[in-house]
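Below is one structure; the comments refer to it alone.
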Amino acid sequence: MGRHHVRLLTDLLEPRSVVVVDAEAARAESVAAEHGAAVAAGLEELAEAVDLAVVAVPTVDHLDVAERLIEAGVHVLVEKPIAVDLAQADVLIAAAATRGVVLAVGHVEFYNPAVQELLTSAFGPRFVEVERMSPFSPRSLDVDVVLDLMIHDLQILHALDPSPVREVRAVGIDVLSDRVDIADARIELESGCVANLTASRVSAERVRQLRVFFADRYHSLDYQEQTVKGFRRVRSRGAGASAPAAAAAAGGPAGLIVPTDLEVEQGEPLRRELEAFLDRCAGGGAPLVDGEAGRRALKTALRVNSTIAGRAT
């Protein structure tokens, strides 16, 4: 992820204003040279050279690296999950508030144009179904599939419906690693909304699907294609259905069923995430997954893992 951040930041900013730090100096030099960025010997030198930073290190190091930067007055975007546990997340949130700096969390799928379009068009979901499956990769094996993949959709679930979690049921198993590689969770919110989420990093194919059901309509979102397809019910022919739509719609006792696809202007989610972060650091109001939103997604993810562990014992 660090390489991608460097690639995009050197495009969004003056390349030499982007400074790379890595535990392996040779890797830092290689990435910086590839994109025309500068290199710093360590975090102290970095903090003196920049106003904002992206922390793309293993999750176990998030607290140490991000807190040191925040204490130096640097705005920080830390990759998801925000930390290994809620106590560490609270330390980062409190430090950012004390220093008056921006703390963002890298939930990149939130910035998927299809997700943003859905969030601005959809209210009051009743049922949510998510499939996020990937072939096996040695990347991110320091965390399980819930913290690696499912946490994206947990954050989006809370963005769709901010009501508290009432109940969690979950199962999961390890397959090719020492941590849970495939998990399925059923989450009920206080609003009555129910979500079924499946995450796997041992799938034969890559699947990224989100389906949301409302009282009178349904949307199917494809994260990869960045599309949102859907249908809604029109109770009478004069209530909102155009003549062409009515002609093409399926009629029935409940009324007309008409297409309600959303228009999506496609774009690279990570670039949009960095643009939003830069805007916030400059005092703008771009949508952002802040520390509290990152903490909430982590809290639910940890509850899913706790439920899985309880079943295993």
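No other residue among Val102, Val54 is in contact with a Cys (Cβ under 9 Å, 6 or more places away or on another chain) and closer than 23 Å to Ile156 by Cα apart from Val102.
Of all the residues in region 154-164, those that are within 10 Å of Glu190 (Cβ to Cβ) and open to solvent by less than 30 Å² (accessible area, probe 1.4 Å) number 2.
Of all residues in region 211-226, those satisfying the criterion of being closer than 15 Å to Asp161 by Cα and open to solvent by 30 Å² or more (accessible area, probe 1.4 Å) are Arg211, Phe213, Ala215. Of all residues in region 96-112, those that are crowded, with 19+ Cβ neighbours inside 10 Å and assigned to a helix (DSSP H, G or I) total 5.
Condition check for Gly124 on (1) on the phi < 0 side of the Ramachandran plot; (2) part of a loop (DSSP other than H, G, I, E, B); (3) modelled with pLDDT under 95: one failure, at (1).
For every residue, the table says whether it meets (1) part of a strand (DSSP E or B); (2) open to solvent by 20 Å² or more (accessible area, probe 1.4 Å).
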position	(1), (2)
Thr10	no, no
Ala33	no, yes
Glu44	no, yes
Glu48	no, yes
Val54	yes, yes
Val57	no, yes
Asp61	no, yes
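One residue is enough: does region 53-70 have a residue meeting the conditions modelled with pLDDT of 95 or more, out of contact with any strand residue (DSSP E or B) (no Cβ under 8 Å at 6 or more places or on another chain) and small (Gly, Ala, Ser)? Among the residues of region 53-70, not one is modelled with pLDDT of 95 or more, out of contact with any strand residue (DSSP E or B) (no Cβ under 8 Å at 6 or more places or on another chain) and small (Gly, Ala, Ser), which makes the answer no.
Pairs are defined by a Cβ separation below 7 Å, a sequence spacing of at least 6 or placement on different chains, a first member in region 174-191 that is open to solvent by 40 Å² or more (accessible area, probe 1.4 Å), and a second member that is assigned to a loop (DSSP other than H, G, I, E, B) and among the small types (Gly, Ala, Ser); the pairs so defined are Glu190/Ser163; Ser191/Ser163. When Val171 is tested against the conditions (1) in contact (Cβ under 8 Å) with a residue 24 or more places away in the chain; (2) out of contact with any helix residue (DSSP H, G or I) (no Cβ under 8 Å at 6 or more places or on another chain); (3) closer than 16 Å to Met133 by Cβ, the lone failure is (2). Within region 70-95, the set of residues being in a helix (DSSP H, G or I) and surrounded by fewer than 23 Cβ atoms within 10 Å (Cβ to Cβ) comprises Glu71, Leu86, Ala87, Gln88, Asp90, Val91, Ile93, Ala94, Ala95.
The values are calculated or read from the model by the stated rules, or taken from the named source; none is laboratory data. Quick caveat, the model's predicted, so the values are computed rather than measured. No Cβ is skipped: glycine too gets one built from the backbone with ideal geometry, and neighbour counts run over all protein chains shown. What goes into the accessible areas is simple: the full protein's heavy atoms, side chains included, and nothing from ligands, DNA or RNA. Shrake-Rupley method; radii C 1.70, N 1.55, O 1.52, S 1.80 Å.
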